[in-house]
Amino acid sequence: SSGINAEYGQLPELYAWCSVLNYLQSTKNVPHPVLVYEDIANVTRDLHVHGTLHAHIMRNIGRYLEPNPKLGEMLEMLRNEKKQLFILTNSPYEFVNVGMKHMLGNKWRSQFDVVICLSQKPKFFEDKYRVFRRLTRRNTPAFGEVKELKEGEVYCEGNVRDLHRLTGWDPCQILYFGDQMYADLAEPILNQGWHTGAIIRELENEIDLLNSEKYQKNMHVLKELNYLIREVQRLLPDPTAVKYTEQWCIERKQVRTELRTLHVSPFCSTFRTHLMPTLFYRRLSRFAEIYTSNLANLVNYNPSHFRFTPVRQDLPHEM
């Protein structure tokens with residue numbers, strides 16, 4: 001169940017856990033699985049707490065981040081439309097600064113009205129008494145009271161209630177994007193009234209597959225077979241109808257199998273299991289109102305004129 005509920009950010013930890021356990025089983029020296037899990041979880045936590053992981057990524061930033069010119073174009077478009085932009089992240093400023101310079105250049109802070117680091121989400125949304133602290137030029141928290149969130153400054157800690165109060169933002173007018181469903185999106189949409197969007201990098205491969213000629217052809221055949229089977233059953237128990245129904249069901253099974261084999265991943269689609277959405281998608285649809293593989297994709301939509309509206313899905317009794 002832990003694998004089912006895991007988010008993509010936890011996959012490396014799960015992979016390490018499975019690999020170590022598999023190795024220990026091959027050596028006939030198998031400790032209790034809980035001990036293996038706890039040791040790996042402690043190591044993973046220490047990599048974050050002590051900054052080892054961040055330091056490695058900063059030294060090799062080009063391996064982990066690929067600049068996208070459309071990202072800067074999108075931010076500029078939003079600024080021109082008088083939208084206020086903010087960053088809310090759990091990462092330290094040193095780490096954020098290296099990544100944003102790589103993506104947007106040295107003047108990246110001028111693109112944002114508010115920058116908040118070390119926010120400790122989801123605690124940021126739950127603890128009403130953590131005050132904002134301004135970071136000094138030495139990247140150390142100042143002790144002075146923060147009475148307003150100024151453009152060009154960097155802040156840490158804080159809480160969502162003070163964010164609303166100091167900026168004057170209406171929670172219902174905030175659209176927040178994140179790539180962690182529980183840490184980033186669950187609390188804002190369920191309890192704070194924010195609108196939310198999810199970034200799912202793995203979506204790119206799935207869309208490429210869905211747009212391929214072979215997948216489109218098989219999907220068209222599958223839909224036609226579903227329609228024929230549903231309609232011909234009105235004639236049952238006519239012998240001819242029974243014959244064709246059985247034949248089409250066999251063909252339908254073959255097409256579904258071929259659709260599954262087109263997926264590169266052995267787990268097939270991230271979002272669908274045959275006709276049913278996966279648990280991951282059910283959680284995603286609850287915590288995110290829109291989702292995309294890359295934030296820069298939104299450059300194609302004018303924020304003043306475009307509205308994202310949900311596609312109506314027929315319920316079984318409506319079909």
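The values are calculated or read from the model by the stated rules, or taken from the named source; none is laboratory data. The model shown is predicted, which means the values in this text are computed figures rather than measured ones. Methodologically, a virtual Cβ is constructed for each residue, glycine included, from the backbone with ideal geometry; neighbour enumeration extends over all protein chains shown. When the accessible area is computed, the model is the full protein with side chains, heavy atoms only, and any ligands, DNA or RNA have been set aside. Shrake-Rupley method; radii C 1.70, N 1.55, O 1.52, S 1.80 Å.
Brief remarks follow.
- Yes/no for ILE87 being more than 22 Å from ALA198 (Cα to Cα) and in contact with a Phe, Trp or Tyr (Cβ under 8 Å, 6 or more places away or on another chain): no
- Hits in region 245-276 - residues which are at pLDDT 90 or above and open to solvent by 90 Å² or more (accessible area, probe 1.4 Å): GLU246, GLN247, ILE250, LYS253, GLN254
- Number of positions in region 184-204 that are under 24 Å from SER265 (Cβ atoms) and hydrophobic (A, V, I, L, M, F, W, C): 5
- Test: residue in region 117-128 that is open to solvent by 40 Å² or more (accessible area, probe 1.4 Å), touching a His at 6+ places or on another chain (Cβ under 7 Å) and more than 24 Å from ASN300 (Cβ to Cβ): no
- Subset of region 264-302 [of a type outside the set (Gly, Ala, Ser), assigned to a loop (DSSP other than H, G, I, E, B) and out of contact with any strand residue (DSSP E or B) (no Cβ under 9 Å at 6 or more places or on another chain)]: VAL264, PRO266, PHE267, CYS268, THR270, HIS274, LEU275, TYR301, ASN302
- Residue check, LEU315 out of contact with any Gly (no Cβ under 8 Å at 6 or more places or on another chain), free of Cβ contacts under 8 Å to residues at least 12 places away in the same chain, exposed (fewer than 14 other Cβ atoms within 10 Å of the Cβ) and of a type in the set (A, V, I, L, M): yes
- Only one entry of GLY105, GLY99, GLY72 meets the criterion of being at positive phi and in contact (Cβ under 8 Å) with a residue 24 or more places away in the chain, and that entry is GLY105.
- For beta carbons closer than 7 Å, sequence separation of 6+ or different chains, a first residue in region 275-286 that is more than 18 Å from ARG260 (Cα to Cα) and a second that is open to solvent by less than 60 Å² (accessible area, probe 1.4 Å) and outside any loop (DSSP other than H, G, I, E, B), the qualifying pairs are ARG283/MET181; LEU284/MET181; LEU284/ALA198.
- Enumeration of residues in region 286-313 that are modelled with pLDDT under 80 and more than 22 Å from ILE189 (Cβ to Cβ): SER304, HIS305
- Residue within region 64-73 that is touching a Gly at 6+ places or on another chain (Cβ under 8 Å) and of a type in the set (A, V, I, L, M, F, W, C) present: yes
- Residues in region 152-184 that are open to solvent by 30 Å² or more (accessible area, probe 1.4 Å), in contact (Cβ under 8 Å) with a residue 40 or more places away in the chain and in a loop (DSSP other than H, G, I, E, B): GLY152, TRP169, ASP179, GLN180.
- Candidates ARG138, ARG134, filtered to the one that is open to solvent by 40 Å² or more (accessible area, probe 1.4 Å) and in contact with a Phe, Trp or Tyr (Cβ under 7 Å, 6 or more places away or on another chain): ARG134
- On inspection, LEU190 fails the criterion of being at negative phi and touching a strand residue (DSSP E or B) at 6+ places or on another chain (Cβ under 8 Å).
- Filtered by the rule that a residue be among the polar types (S, T, N, Q) and either touching a strand residue (DSSP E or B) at 6+ places or on another chain (Cβ under 7 Å) or in contact (Cβ under 8 Å) with a residue 40 or more places away in the chain (or both), region 75-96 gives GLN84, THR89, ASN90, SER91.
- Among the criteria (1) surrounded by fewer than 16 Cβ atoms within 10 Å (Cβ to Cβ); (2) among the polar types (S, T, N, Q); (3) in contact (Cβ under 8 Å) with a residue 40 or more places away in the chain, the one THR196 does not fulfil is (1).
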